[in-house]
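Notes follow once the structure below has been shown.
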Amino acid sequence: MTGEDTRHLPLEDLHQAAGARFGAFAGWSMPLTYPPGVMKEHLHAREHAGLFDISHMKLFAVGGPGAAALLNRACPLDAGALETSQSKYTFFLNEAAGIIDDLIVTRLGDDRFMVVANAGNAVEDEKHLRALAADFNVSVEPLDRVFLAIQGPDAWAALARAGIETGSLLFMHGVEPRQDWFMSRSGYTGEDGFEIGLPEADARDFVAKLLEDDRVQWIGLAARDSLRLEAGLCLHGQDLTTEIDPASAGLMWAIPKEVRAAGHFIGADALRSIIERGAPQKRVGLKPDGRQPVRAGATLIDADGNPAGHVTSGGFGPSTGHPVAMGYVDPALAKPGTKLFADVRGTKIPVDIAALPFTPHRYRKG
Amino acid sequence: MAKTYFTEDHEWLRVEGGVATVGITDYAQEQLGDLVFVELPEIGRKLAKGDTAVVVESVKAASDVYAPVDGEITEANGSLSADPSLVNSAATGDGWLWKMKLANESQLDSLMDEAAYKAHIG
């Protein structure tokens with residue numbers, strides 16, 4: 001059941017017509033699965049091309065002479081060093097270096113940037129960005145867009161057939177292929193793919209064209225979650241929270257050394273001292289023995305029964321054919337191959353610390 | 001003659017000679033989606049109506065299946081260990097979950113027959 005405040009996707013009628021089963025996520029009524037079911041949907045995205053409606057996510061246009069300076073303050077980022085069309089995975093951090101949200105920032109012009117934020121944090125993100133923007137000569141504009149992701153090895157070919165050439169666009173780059181469109185080669189599956197923000201009227205034509213192609217199939221939120229988990233990608237609200245810093249999360253690769261050294265971003269001091277002391281915990285992949293999934297919230301213990309950490313995401317990996325999970329452990333236990341146990345309803349399930357991702361990334365980097 | 005009963009929690013029971021074979025309905029398996037694991041009960045375990053007997057796990061979530069009546073587990077469907085998707089493909093057949101010896105057959109009177117269950121799920 002969904003409450004009165006639940007938000008509905010602009011293309012909800014198309015999902016209904018496609019036979020979607022809906023569920024609540026981050027305040028939205030979202031298609032969880034379609035008639036093929038999560039297992040087949042997941043595998044289809046890995047083998048062909050999956051189409052996802054991710055319009056619950058928010059696009060912000062950040063523009064003006066102070067745009068780069070604002071983003072450099074809000075994120076551990078050198079926005080001015082990005083080339084036009086270059087995208088960067090980054091965060092909003094709080095003063096304690098806790099992750100308010102993880103984002104993708106793309107430079108679209110000299111002083112124009114696109115920020116893509118998570119659904120669950122969109123309101124908080126906008127408030128945060130606007131409060132900071134008061135100190136800069138910049139505008140922050142939330143865009144009213146349908147946002148689609150098309151992911152999988154056939155994604156580029158399906159787009160080409162639908163009239164969108166992607167040839168020269170590489171992974172983590174974004175462009176504006178048409179008026180009010182934004183398209184980046186990025187995603188949340190580990191596959192080659194694209195995320196496209198566009199006006200609703202355009203989206204209806206575009207979706208119809210894409211779905212004429214047998215290689216393209218709607219994929220629900222359930223498979224989106226299993227795909228991203230196999231790819232070792234974090235879900236904010238589970239694997240990342242305001243209590244978790246980028247060092248603990250193993251995401252320091254997203255923060256350039258010079259940016260860290262200069263320390264102009266919010267949370268820089270706290271992050272520096274976390275790194276000096278050593279992160280209190282580490283995000284790791286977890287591979288449970290056998291077939292029983294180990295899920296978010298499960299406690300991890302070592303062979304002697306001492307607390308070792310906890311699981312933040314877990315489920316079954318349709319491509320790996322076994323359960324997969326992610327969690328946080330004591331840094332001394334974070335080495336792949338370390339054997340721990342997860343407490344699942346009183347049963348101790350052996351789990352191995354595993355290297356992430358579980359499924360190799362297949363990004364088109366050049 | 002076996003008689004089949006249904007519960008509001010979307011389970012079915014096929015009762016013959018004081019023993020019930022229990023599973024989830026086709027409606028329930030559809031709601032759950034692709035199952036990847038079934039945590040089977042121990043033989044000999046005594047259950048009161050409402051106790052969790054089995055946990056079925058889909059890709060996304062774990063769900064409890066409750067004992068629909070009092071009784072003792074006499075058999076668990078071992079083939080689900082190798083192929084939990086049997087519950088999806090044959091919920092009311094090969095995808096049965098457990099068998100239990102009934103402690104109190106009069107409890108069956110409060111359950112639904114197929115027609116009532118069909119009305120229940122609309």
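We did not get these values from a lab; they are worked out from the coordinates using the rules stated. Here the structure is a predicted model, which means the values were calculated and not measured. Reconstructed Cβ throughout: ideal geometry from the backbone, glycine too, with neighbour counts over all protein chains shown.
State the Cα centre-to-centre distance between the range A:230-263 and the range B:12-85 in whole Å.
Cα centres, the range A:230-263 to the range B:12-85: 41 Å.
Ranking A:Tyr188, A:Tyr363 by Cβ neighbours within 10 Å, fewest first, what do you get?
With the sparsest Cβ surroundings first, the list reads A:Tyr363, A:Tyr188.
Loop-only GluC sites (Glu not before Pro) in the range A:118-214, please: DSSP not H, G, I, E or B, and at most 12 other Cβ atoms within 10 Å.
Values: sites: A:Glu124, A:Glu126, A:Glu165, A:Glu191, A:Glu195, A:Glu200, A:Glu212; in loops: A:Glu165, A:Glu191, A:Glu212.
When the GluC sites (Glu not before Pro) of the range A:118-214 are filtered for loop state and at most 12 Cβ neighbours within 10 Å, A:Glu165, A:Glu212 remain.
Let me know the Kirkwood hydrodynamic radius for the range A:43-120, please, with Cα pairs as the basis and the value in Å to one decimal.
13.7
I'm a student and want to see the number: the projected area of the Cα convex hull of the range A:284-366, averaged over all directions, in nm².
Mean orientational projected area (the range A:284-366, Cα hull): 5.9 nm².
Per residue of A:28-35, what is the mean number of Cβ atoms on other protein chains within 10 angstrom of that residue's Cβ?
Counting Cβ atoms of other protein chains within 10 Å of each residue's Cβ and averaging gives 1.
Just to confirm the filter: which GluC sites (Glu not before Pro) across the range B:1-54 are DSSP coil and have at most 13 other Cβ within 10 angstrom of their Cβ?
Numbers: sites: B:Glu8, B:Glu11, B:Glu16, B:Glu30, B:Glu39, B:Glu42; in loops: B:Glu8, B:Glu42.
When the GluC sites (Glu not before Pro) of the range B:1-54 are filtered for loop state and at most 13 Cβ neighbours within 10 Å, B:Glu8, B:Glu42 remain.
List the lysines whose Cα lies under 21 Å from the Cα of B:Lys99, skipping any in the same chain that are fewer than 8 positions away.
Excluding near neighbours in sequence, the set is B:Lys3, B:Lys46, B:Lys49.
According to a simple spin-label model (label point 7 Å from Cα along Cα-to-Cβ), what is the distance in nm between B:Glu16 and B:Asp94?
That separation, rounded to one decimal, is 1.8 nm.
Rounded to the nearest 500 deg cm²/dmol, what is the calculated helix-only ellipticity per residue at 222 nm for the protein assembly as shown, with -39500 (n - 2.57) per DSSP H run of length n ≥ 4? Before the final figure, lay out each step's value.
Numbers: 13 runs with 104 residues, N = 488.
After summing the helix terms and dividing by residue count, I get -5500 deg cm²/dmol.
Once a ≥ b ≥ c are taken as the square roots of the eigenvalues of the Cα gyration tensor of the range A:1-157, is the result rounded (a/c under 1.5), prolate (a/b larger than b/c) or oblate (a/b not larger than b/c)?
Since a/c reaches 1.5 and a/b is larger than b/c, the shape of the range A:1-157 is classed as prolate.
Going by a ≥ b ≥ c, the root eigenvalues of the Cα gyration tensor, does chain B fall in the rounded group (a/c under 1.5), the prolate group (a/b larger than b/c) or the oblate group?
Taking the square roots of the gyration eigenvalues as a ≥ b ≥ c, chain B is oblate.
Between A:Arg277 and A:Ala17, what FRET efficiency comes out of the Förster formula 1/(1 + (r/R0)^6) with R0 = 60 Å and r the beta carbon distance, rounded to 0.05?
The calculated FRET efficiency here is 0.65.
Please state the equivalent ellipsoid semi-axes for the range B:19-64: what are the square roots of 5 times the Cα gyration tensor eigenvalues, largest first, in whole Å?
Each semi-axis is √(5λ); the values are 21, 12, 9 Å.
Can you pull the mean other chain C-beta count within 10 Å for peptide B:34-41?
5
Which cross-chain or sequence-distant (5 or more) residues have an amide H under 5 Å from the amide H of B:Gly95, H modelled 1.01 Å from N in plane?
The answer is B:Ala90.
Taking R0 as 56 Å, what's the FRET efficiency between B:Asp51 and A:Ala270 from their Cβ-Cβ distance, rounded to 0.05?
E between B:Asp51 and A:Ala270, to the nearest 0.05, is 0.70.
Sort out for me the Cα centre separation of the range A:301-315 from the range A:6-22, rounded to whole Å.
Between the Cα centre of the range A:301-315 and that of the range A:6-22, the gap is 38 Å.
Could you work out the mean count of beta carbons from other protein chains within 10 Å of each residue's beta carbon in A:320-326?
Counting other chains' Cβ atoms within 10 Å and averaging over A:320-326 gives 1.
What's the magnitude of the charge dipole for chain A around its Cα centre, counting Lys and Arg as +1 and Asp and Glu as -1 at the beta-carbon? Answer in Debye, nearest 20.
Details: 36 positive and 47 negative charges, 200 e Å.
With only Lys, Arg, Asp and Glu charged at Cβ, the dipole is about 960 debye.
Under a straight-distance cross-link criterion of Cα-Cα below 25 Å, which lysines are reachable from B:Lys60, leaving out those fewer than 8 residues away in the same chain?
Excluding near neighbours in sequence, the set is A:Lys40, A:Lys58, A:Lys282, A:Lys287, A:Lys339, A:Lys348.
Going Cα to Cα from A:Lys335, which aspartates and glutamates come in below 18 Å? Please leave out same-chain ones fewer than 8 positions away.
Correct list for A:Lys335: A:Asp289, A:Asp302, A:Asp304, A:Asp352.
Over the range A:161-205, one equal point on each Cα, no solvent: what is log10 I(q)/I(0) by the Debye formula at q = 0.15, 0.20, 0.30 Å⁻¹?
After summing over all Cα pairs, the log10 values are -0.38, -0.67, -1.20.
Which of rounded, prolate or oblate describes chain A when judged by the alpha-carbon gyration tensor and an a/c cut-off of 1.5?
Because a/c hits 1.5 or more and a/b fails to exceed b/c, chain A counts as oblate.
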